[in-house]
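Below is one structure, written out as structure tokens, with a few remarks after it.
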Amino acid sequence: MASAPIINVPHDEDYGVLQDLVDAVFRRAPRVSRMELLTQAEAHDVSEDIMEVVELMPSGSYTRTEMADQMNSIITAHGWGLRYGTVE
């Protein structure tokens, strides 16, 4: 039986940036707001594509786990996992 071909999808230059952003916002606080996430994204001058993910986050206050779950849902729903990676 022949195995399925391996599809090599190159990562986007922004791969891992969302994880870095989540790490940065939770460095000082156990809970952060969407506004704090937006502010941190702007301060880090993230690309328009990464900013789109951030802007799709619903308003509210998040624990790290809650933010990661919500962000991963957005990434997955748009098919961006291979481009940007997921967050923890």
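Laboratory data are not the source of any read-out in this text; all were calculated from the coordinates shown. All values reported here derive from a predicted model rather than from experimental measurement.
Things to note:
- Using a cutoff of 8 angstrom between alpha carbon atoms and counting only pairs six or more residues apart, the relative contact order for the chain works out to 41 percent.
- When every Cα-Cα distance of the chain is counted in 10 angstrom steps from zero, the calculated P(r) takes the values 16, 51, 21, 7, 4, 1 percent.
- Estimated [θ] at 222 nm from DSSP helical runs (n ≥ 4, -39500 (n - 2.57)) normalised by residues in the chain, nearest 500: -14500 deg cm²/dmol
- For the range 35-78, the equivalent ellipsoid built from the Cα gyration tensor has semi-axes of 16, 14, 8 Å, listed from largest to smallest.
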